[in-house]
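Colleague: Quick one: this structure, given as structure tokens, is what I'll be asking you about.
All of the numbers you see were taken from the coordinates with simple rules; none came from a lab. Note that the structure is a prediction, hence the values are computed from the model and not measured.
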Amino acid sequence: MPELEIGELIFLTIATVPIILSFWIIRARKDILKYMPVYYCIYITFFSTNIEALILPDVFNFIEHFSLMLAGIFMFSAVVYDFYTRISKQKVNQLNQGMVTK
């Protein structure tokens, strides 16, 4: 039977505060909205890690690994989106400005 890991329990306790305040955080900083699914998936990962020590270890182990996989997918998509909106559009704008001035 898996044991309750104190490090993950401490992280879960600390990470609960931003989860509770996430509505106000997103209202203040709309630019981090694309990274919030990553944070929620990581939170679910640590939550299910702690719960699997108490009940249904196989089910919560699957949820833990599945949500960690989703966090990776969401992080990749957020970074690609961020790259596209910040860097690619800046290059297009610079090219357009160069064509207009000539």
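Colleague: How big is the convex hull of the Cα atoms of the chain, per residue, in Å³?
Modeller: Once divided by residue count, the hull of the chain is 100 Å³.
Colleague: Then there's this: What is the gain in length, in nm to one decimal, between Met36 and Val79 on full extension, counting 0.36 nm per residue of separation less the C-alpha to C-alpha distance?
Modeller: The span from Met36 to Val79 would gain 14.2 nm if fully extended.
Colleague: Where does region 37-88 land on the Kirkwood hydrodynamic radius, alpha-carbon pairs, in angstrom?
Modeller: Evaluated on region 37-88, it is 11.7 Å.
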